[in-house]
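Bear in mind these aren't lab numbers, they're just calculated from the coordinates by the rules spelled out. No experiment lies behind these values; they were computed from the predicted model shown. Every residue, glycine as well, gets a Cβ built from its backbone with ideal geometry; the counts of neighbours run over all protein chains shown.
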Amino acid sequence: MKMKGIAAFIVALGIAMSGWGQEDRQLAQSFGGRVLFYCWNGAAGLTQEQRMRVFDKRLIDILAYTHLGPRDVRIRVRPGCREIIVKNHLLVTVTPEDASAYGWSMDQVAAHWQESIRGQISAIHLLPQQV
């Protein structure tokens, strides 16, 4: 349970917002002091902020697993989207709007997010565990 508390604290500290105007405002989803990805839009009827809160909750739940490695972070191809999956749990969905905001394909955005998340999950699980 201490790991969940530590993860919640790290995630809460890591969320950063920046913006230039309402239309092009972006949220930087950070973890452990490192930006994982940027979000310019909501998805599935959620606002940007709600989408990031869902990501935070999912990440905290996933970090409760004691044995996570880079191979546990996968991309699942779905019609019209890509999903970042960790240990068979959905972490975040890459939408066509995300791809458009980046100016990349959905596959490129998903690969970028996957590598970023893999790096942070590996780093956090290399830290000594407190008992």
Once His89 and Ala111 are pulled to full extension, the length gained, defined as 0.36 nm per residue separation minus their Cα-Cα distance, is 6.2 nm
For the residue pair Ala123 and Ser100, what label-to-label distance in nm results when each label sits 7 Å from Cα along the Cα-to-beta-carbon direction? 3.2
Can you give the net charge of the other residues whose Cβ lies under 12 Å from the Cβ of Asp72, counting K and R as +1 and D and E as -1? +4
